[in-house]
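Peer 1: So that we are looking at the same thing, I have put the structure below in structure tokens.
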Amino acid sequence: MEKNIFKNSSKPKSRFGISTVFFGIFVALFLAVVANSFVAENNSGAVVKSGPVELTFSDVLRRADEIQTMNVRGDMATGKLSDGTEYRATVVYSPEMLEKFADRGTAISIDTSKGWVDYLGVWVPIIMGVLFIWWLFRGMRGGGAGIGRALVGQNPTKVVTGKPKTTFKDVAGIDSEKQELSEVVDFLRDKSKFAAVGARVPRGVLLSGEPGTGKTLLARAIAGEANVPFFATSGSDFSGIIVGLGVAKIKDIFEMAKRNAPCLLFIDEIDAIGQRRSQNSFNDQDREQTLNQLLIEMDGFSNETGIIVIGATNRPDMLDPALLRPGRFDRQVHIDLPDMAGREEILKLHAKKIKMHEGVDLGKLARGTTGFSGADLENLLNEAALHAVRSGRKLVADEDIEEARDKSLMGPRKIRKMRPEDIKLTAYHEAGHAFASTAFTGIADPIHKATIIPRGRALGMVQHLPIDDKVSMSLAEVRANLVIDLAGRAAEEIFFGADKITTGAESDIAAATALARRSITMSGLSNKIGMVSVNQAQTFGARVPLEAASEKTAEMVDAEIRAWTDAAYKDAVKILTKNKATVEKLANELLNRETLTGEEIMEIVSGKKATKKVTAAAKPKKARVAKK
Ligand code: ADP
Ligand code: ZN
């Protein structure tokens with residue numbers, strides 16, 4: 001962690017003043033109340049020593065006849081007994097009790113006078129309440145000087161500051177984004193250069209992208225490259241139960257930034273403040289004020305100030321358009337999930353921190369981690385290192401990497417007691433997927449491994465490894481994948497009989513249906529439906545508009561999906577039936593060894609040592625995992 005070497009945040013005096021005064025008042029009142037009870041106790045001690053007998057309430061009731069005078073103050077009674085001794089008693093005050101004594105002729109006086117301390121008990125809560133409400137309302141008027149400011153004062157640095165040592169070298173795989181932001185670095189380094197030409201530089205940059213894609217890292221690196229202070233805060237810190245807190249915090253942070261300019265102010269999760277205004281929920285008014293304050297601050301500083309605000313969000317579509325206007329976050333940089341090359345670079349970068357066996361192939365790992373963010377990849381390597389330690393290894397090996405990857409893809413290994421017949425069925429099911437995969441070598445992705453180790457909700461799985469980043473699929477590949485998806489169920493039917501098939505093929509069927517539907521309704525791969533897009537689909541948060549489909553078209557689509565999956569299932573049955581012996585051999589090997597690598601599977605299928613050869617035809621979107 002960097003040291004906080006910066007000038008303290010705004011107005012230390014006044015803020016300290018307010019909170020100190022209130023704290024002081026509170027402490028004083030508290031002490032007064034405590035002191036009061038202390039005094040009272042002391043009194044009682046002193047009185048006991050000097051004479052009066054101490055009576056309990058039951059004593060008082062029992063010896064009612066002896067009691068001559070009684071002075072009641074609160075629940076304390078003092079007075080004289082008939083023999084002249086003074087007494088002191090705790091009584092349970094009630095009119096009936098007093099009446100009883102009065103009837104007996106006891107002289108009763110009731111002391112209602114109160115010392116100033118007595119009033120405290122009543123007034124302290126009232127005064128505090130009034131102060132609190134007043135305070136709250138001061139905050140609400142948008143002055144931000146109320147409780148909000150005081151609380152900010154108590155807790156001034158939710159803001160992380162420092163001059164980061166992070167540089168662009170620590171950010172891998174997103175070169176074009178780095179390029180785009182190098183201008184911001186230049187500006188922070190020397191703003192006069194820009195002013196001289198009269199160029200308008202961005203004040204705000206919006207980094208969008210899924211969690212873990214390195215938005216924070218990139219922002220830090222910009223500050224690090226420019227060697228300027230970095231202030232980081234999160235949008236979620238600005239909303240709270242206390243109205244006005246957000247406004248006060250925004251003011252504070254910007255004041256701090258101005259004092260330390262040139263600098264970079266990073267606001268993570270900016271959608272928490274900048275969300276498109278929606279229903280008028282209770283929270284909304286407060287958030288809107290916070291957002292307004294942010295806009296005011298951003299409009300308020302000129303180019304010469306030298307502050308760059310970087311906001312980060314994974315929901316850019318949710319942001320209020322006001323935030324994106326010129327002079328605000330008018331530059332948007334989207335960080336995609338890393339592609340295959342990017343993943344390899346990120347893995348290589350983080351692998352430097354880990355002692356790794358030289359045989360580990362990070363390129364292959366990059367192929368098998370489609371959809372992983374930078375943070376996921378870093379985490380994967382760390383998991384692998386932990387697994388190596390647990391297994392008593394000094395270097396991270398392939399098996400640690402495999403374990404870590406499976407864990408993050410499918411969840412941790414399940415230690416589950418399975419009936420032998422279930423294990424056997426799973427082995428045949430996976431063997432079915434595996435064999436079908438080998439039947440489509442060159443068309444579908446090569447098989448990476450098959451296993452019957454249960455993980456997450458899956459009883460076993462077959463994984464494929466794309467050769468490179470896939471942008472599209474051929475019709476032949478779609479068909480092949482449908483067959484591979486349904487081959488698990490087909491194996492169940494062939495080897496165990498039609499009435500023994502299981503529910504375990506659920507996710508296979510879901511995957512096949514989704515693939516067929518997409519191909520038919522979106523990709524125009526079906527002759528029957530033709531080249532119309534029928535469906536609504538979501539691509540990376542941006543909604544593709546809903547195309548109205550007539551009922552007739554919808555029926556045709558349903559029939560077509562069914563025709564595709566039916567045909568694929570028939571093909572699967574045909575392929576597996578023809579090669580029953582080989583599938584059986586695969587299943588038995590799985591039962592013996594639990595996991596078979598892609599090469600081992602190829603060996604078993606071809607009956608000889610596989611020559612290591614990979615075809616470059618296949619390239620899917622996701623590392624496909626066929627769950628049992
Ligand atoms: P975000 O802010 O987008 O959620 P972070 O910047 O917090 O993501 O990323 C979390 C961690 O993941 C980083 O600290 C870094 O270790 C790792 N990471 C993410 N993307 C990259 C990348 N492109 N290069 C190197 N490391 C990365
Ligand atoms: Zn399956």
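Peer 1: Using just the C-alpha positions of the range 212-354 as equal point scatterers, what log10 of I(q)/I(0) does the Debye formula give at each q in 0.16, 0.22 1/Å?
Peer 2: Debye curve over Cα of the range 212-354, log10 I(q)/I(0) at q = 0.16, 0.22 Å⁻¹: -0.89, -1.43.
Peer 1: Same structure, new question: Kirkwood hydrodynamic radius, the range 399-531, all distinct C-alpha pairs: what's the number in Å?
Peer 2: It works out to 16.0 Å.
Peer 1: If each residue of separation counts as 0.36 nm, what is the full-extension length gain between Glu399 and Arg88 once their alpha-carbon separation is subtracted?
Peer 2: Working: separation 311, 0.36 × 311 = 111.96 nm, distance 8.32 nm.
Working it through step by step, the gained length comes to 103.6 nm.
Peer 1: At what distance in angstrom do the alpha carbon centres of the range 417-443 and the range 559-590 lie from each other?
Peer 2: So the separation of the two Cα centres works out to 10 Å.
Peer 1: Would you mind pulling out the separation of the Cα centroids of the range 496-527 and the range 193-254, in Å?
Peer 2: For the range 496-527 versus the range 193-254, the Cα centre distance is 46 Å.
Peer 1: Using 0.36 nm per residue of separation minus the Cα-Cα distance, give me the extension gain between Lys100 and Glu255 in nm, one decimal.
Peer 2: Taking 0.36 nm per residue and subtracting the Cα distance, the gain is 48.6 nm.
Peer 1: Ignoring everything but the protein chains, give the 1.4 Å probe accessible area of Arg189 in square angstrom, nearest 10.
Peer 2: The accessible area of Arg189 comes to roughly 130 Å².
Peer 1: A further question follows. Beyond a 26 Å Cα-Cα separation, which of these cross-linked pairs lie in this structure: Lys449/Lys578; Lys552/Lys574; Lys414/Lys580; Lys163/Lys352; Lys163/Lys191?
Peer 2: Flagged as over cut-off: Lys552/Lys574; Lys414/Lys580.
Peer 1: Can you give the extra length, in nm with one decimal, that the chain gains between Ile509 and Val532 once fully stretched, where that is 0.36 nm per residue apart less the Cα-Cα distance?
Peer 2: Numbers: separation 23, 0.36 × 23 = 8.28 nm, distance 2.48 nm.
Stretched out fully, the Ile509 to Val532 stretch lengthens by 5.8 nm.
Peer 1: Take the Cα radius of gyration of the range 168-234 and divide it by 2.2 N^0.38 Å, with N its residue count; two decimals is plenty.
Peer 2: 1.15
Peer 1: Excluding residues on the same chain fewer than 8 positions from Lys585, give the aspartates and glutamates whose Cα lies under 18 Å from its Cα.
Peer 2: Glu421, Asp422, Glu430, Glu492, Glu493, Glu594, Glu599, Glu600, Glu603
Peer 1: Measure off 7 Å from each Cα along the Cα-to-Cβ vector at Ile415 and Ser176, then give the distance between these two points in nanometres to one decimal.
Peer 2: 4.8
Peer 1: Residues of the range 365-409 with amide nitrogen under 12 Å from the 7 Å Cα-to-Cβ point of Lys169?
Peer 2: Of the residues in the range 365-409, none has backbone N under 12 Å from the label point off Lys169.
Peer 1: Report the per residue volume, in Å³, of the convex hull enclosing the C-alpha atoms of the range 290-440.
Peer 2: Spread over its residues, the Cα hull of the range 290-440 gives 226 Å³ apiece.
Peer 1: For the range 351-454, with equal point scatterers placed on the C-alpha atoms only and solvent neglected, what are the log10 I(q)/I(0) values from the Debye formula at q = 0.13, 0.19, 0.20 1/Å, to two decimals?
Peer 2: For the range 351-454, the Cα-only Debye profile gives -0.60, -1.06, -1.11.
Peer 1: Which distance in nm do the two modelled labels at Gln332 and Lys500 give, with both placed 7 Å along the Cα-to-Cβ direction?
Peer 2: Label-label distance for Gln332 and Lys500, simple model: 5.7 nm.
Peer 1: How much of the accessible area of the range 340-410, in percent, comes from carbon and sulfur atoms when a 1.4 Å probe is used?
Peer 2: 51
The values are calculated or read from the model by the stated rules, or taken from the named source; none is laboratory data. What you see is a predicted model, and the numbers here were worked out from it, not measured in a lab. Cβ atoms come from the backbone with ideal geometry, glycine included; neighbour counts cover every protein chain shown. Areas reflect the complete protein model, heavy atoms only, side chains present, ligands, DNA and RNA absent. Shrake-Rupley method; radii C 1.70, N 1.55, O 1.52, S 1.80 Å.
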